[in-house]
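Participant: Sending over a structure as structure tokens; questions will come in a sec.
The values are calculated or read from the model by the stated rules, or taken from the named source; none is laboratory data. Just so it is clear, the model here is predicted, and its values are computed rather than measured. A quick note on method: Cβ atoms are made from the backbone with ideal geometry, for glycine too, and the neighbour counts reach across all protein chains shown.
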Amino acid sequence: MNTANVDAQELAKFSELAHRWWDPDSEFRPLHQINPLRLDWIDGLASLGGKQVLDVGCGGGILAESMAGRADRVTGIDLAARPLGVARLHALEAGVLNVDYREIAAEALAAESPSSFDVVTCMEMLEHVPDPASTVRACTALVKPGGWVFFSTLNRNPKSFLFAIVGAEYVLRLLPRGTHEYARFIRPSELARFARDAGLDVQTMKGMEYNPLTRRYWLSADTSVNYLLACRRPA
Ligand code: SAH
């Protein structure tokens with residue numbers, strides 16, 4: 001298995017901003033805004049109650065901590081130390097006791113504890129790694145048979161270039177310039193193939209849309225820019 005599936009520059013970008021992770025008006029505003037949408041979508045499909053959950057590429061813990069409010073236990077993993085420190089501190093301050101954070105690669109955790117989680121989430125992370133198929137395989141190895149795996153990333157086409165890079169980074173300045181690299185965006189067909197090749201069954205897909213005038217996000221059938229994919233490991 002690939003144990004060096006990491007881009008140090010990508011980790012440095014997230015570490016530099018880590019102290020602002022929980023500021024809802026910072027560059028992490030989009031993650032705060034989409035979080036209730038994705039949390040409800042995940043919970044609606046996988047029923048988090050009583051479950052063991054793993055969040056891969058958890059960063060400062062926005063999704064992980066919110067899932068801890070509904071699941072039995074959540075483990076968040078990332079390879080950037082500072083975001084993990086922020087995540088631990090925030091959980092402590094919020095009194096959330098059923099979330100743990102570890103600095104370990106998905107591939108390494110998969111080798112250490114395969115088939116250990118009922119639900120695995122990997123959101124807004126695949127477009128930052130050199131070998132996303134390896135991450136998808138690791139997520140598959142980590143989930144128990146019959147369990148759910150959720151991914152979200154950015155589509156790759158002229159519209160996503162315009163919206164996710166030109167619009168979000170240069171015009172609206174929702175994200176710092178250089179946050180995303182177009183070549184690393186992943187088409188839904190490619191992500192679905194990674195999932196199937198890893199042995200997952202693709203269940204359903206959702207698009208995420210944004211209106212810059214109202215500054216609102218919502219889930220829809222339009223997967224042309226941001227999208228989420230739900231998969232299951234066969235029982
Ligand atoms: N999943 C979180 C954070 C997304 S930001 C959320 O949606 O709220 C992307 C995260 O991926 C950052 O925390 C970054 O450190 C992490 N990341 C990037 N490359 C990684 C890798 N190879 N392994 C683990 N995490 C990685």
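Participant: Determine if the range 107-116 includes at least one residue that is modelled with pLDDT of 95 or more, part of a helix (DSSP H, G or I), within 14 Å of the ligand (Cβ to nearest atom) and not aliphatic (A, V, I, L, M). Step through it out loud before you land on a result.
Facilitator: Kept after step one, since they are modelled with pLDDT of 95 or more, are these residues of the range 107-116: 107-116.
Now drop any that are not part of a helix (DSSP H, G or I), which leaves 107-112.
Then keep just the ones that are within 14 Å of the ligand (Cβ to nearest atom); that gives 107-110.
With the extra rule that they be not aliphatic (A, V, I, L, M), the set shrinks to 107.
Yes, the conditions are met somewhere in the range 107-116.
Participant: In the range 187-220, which residues are assigned to a strand (DSSP E or B) and charged (D, E, K, R)? Don't jump to the end; show me each part of the working.
Facilitator: Let us first name the residues in the range 187-220 that are assigned to a strand (DSSP E or B), namely 201-211, 216-220.
Asp201, Lys206, Glu209, Arg216, listed by residue number.
Participant: So is Gly49 in a strand (DSSP E or B), farther than 29 Å from Pro212 by Cβ and of a type in the set (Gly, Ala, Ser) or not?
Facilitator: On the way: in a strand (DSSP E or B): no; farther than 29 Å from Pro212 by Cβ: yes; of a type in the set (Gly, Ala, Ser): yes.
Criteria not met by Gly49.
Participant: Is there any pair linking a residue in the range 3-27 that is in contact (Cβ under 8 Å) with a residue 40 or more places away in the chain and of a type in the set (Ser, Thr, Tyr) to one that is near the ligand (Cβ under 10 Å from one of its atoms) and part of a loop (DSSP other than H, G, I, E, B), with Cβ under 9 Å and at least six apart or on different chains, and which?
Facilitator: Once the first residue is in contact (Cβ under 8 Å) with a residue 40 or more places away in the chain and of a type in the set (Ser, Thr, Tyr) and sits in the range 3-27, its partners that are near the ligand (Cβ under 10 Å from one of its atoms) and part of a loop (DSSP other than H, G, I, E, B) give Thr3/Ala105; Ser15/Ala80.
Participant: Can we say Thr223 is of a type in the set (Val, Ile, Thr), outside any strand (DSSP E or B) and over 24 Å from Asp55 (Cβ atoms)? Lay out the reasoning, then the answer.
Facilitator: Details: of a type in the set (Val, Ile, Thr): yes; outside any strand (DSSP E or B): yes; over 24 Å from Asp55 (Cβ atoms): no.
When the stated conditions are applied, Thr223 does not pass them.
Participant: Working carefully through the options Ala91, Ala64, find the one that is on the phi < 0 side of the Ramachandran plot, more than 10 Å from the ligand (Cβ to nearest atom), in contact with an Asp or Glu (Cβ under 8 Å, 6 or more places away or on another chain) and in a helix (DSSP H, G or I).
Facilitator: On the way: Ala64 fails: more than 10 Å from the ligand (Cβ to nearest atom).
Exactly one of Ala91, Ala64 is on the phi < 0 side of the Ramachandran plot, more than 10 Å from the ligand (Cβ to nearest atom), in contact with an Asp or Glu (Cβ under 8 Å, 6 or more places away or on another chain) and in a helix (DSSP H, G or I), namely Ala91.
Participant: Being aliphatic (A, V, I, L, M), at pLDDT below 95 and part of a helix (DSSP H, G or I), is that true of even one residue in the range 148-162?
Facilitator: As a first pass, look at the range 148-162 and keep what is aliphatic (A, V, I, L, M): 149, 154, 162.
Then drop every residue that is not at pLDDT below 95, which leaves 162.
Applying the additional criterion that residues be part of a helix (DSSP H, G or I) yields 162.
Yes - at least one qualifying residue is present in the range 148-162.
Participant: Anything in the range 217-235 that is closer than 18 Å to Leu154 by Cα and either charged (D, E, K, R) or modelled with pLDDT under 95 (or both)? List them, or say none. Spell out the reasoning first.
Facilitator: Restricting attention to the range 217-235, the residues satisfying the condition of being closer than 18 Å to Leu154 by Cα are 217-231.
The one that is closer than 18 Å to Leu154 by Cα and either charged (D, E, K, R) or modelled with pLDDT under 95 (or both): Asp222.
Participant: Suppose the filter is under 23 Å from Tyr227 (Cα atoms) and over 18 Å from the mean Cα position of the chain (by Cα); does Ser26 pass it?
Facilitator: yes
Participant: Which condition from (1) assigned to a loop (DSSP other than H, G, I, E, B); (2) within 12 Å of the ligand (Cβ to nearest atom); (3) surrounded by 15 or more Cβ atoms within 10 Å (Cβ to Cβ) is the one that Pro83 breaks?
Facilitator: (1)
Participant: Between Val99, Val166, Val129, which is out of contact with any Phe, Trp or Tyr (no Cβ under 9 Å at 6 or more places or on another chain), surrounded by 21 or more Cβ atoms within 10 Å (Cβ to Cβ), among the β-branched types (Val, Ile, Thr) and without any contact (Cβ under 8 Å) to a residue 60 or more places away in the chain? Give the steps one after another, and end with the answer.
Facilitator: Details: Val166 fails: surrounded by 21 or more Cβ atoms within 10 Å (Cβ to Cβ); Val129 fails: without any contact (Cβ under 8 Å) to a residue 60 or more places away in the chain.
On inspection, the qualifying residue turns out to be Val99.
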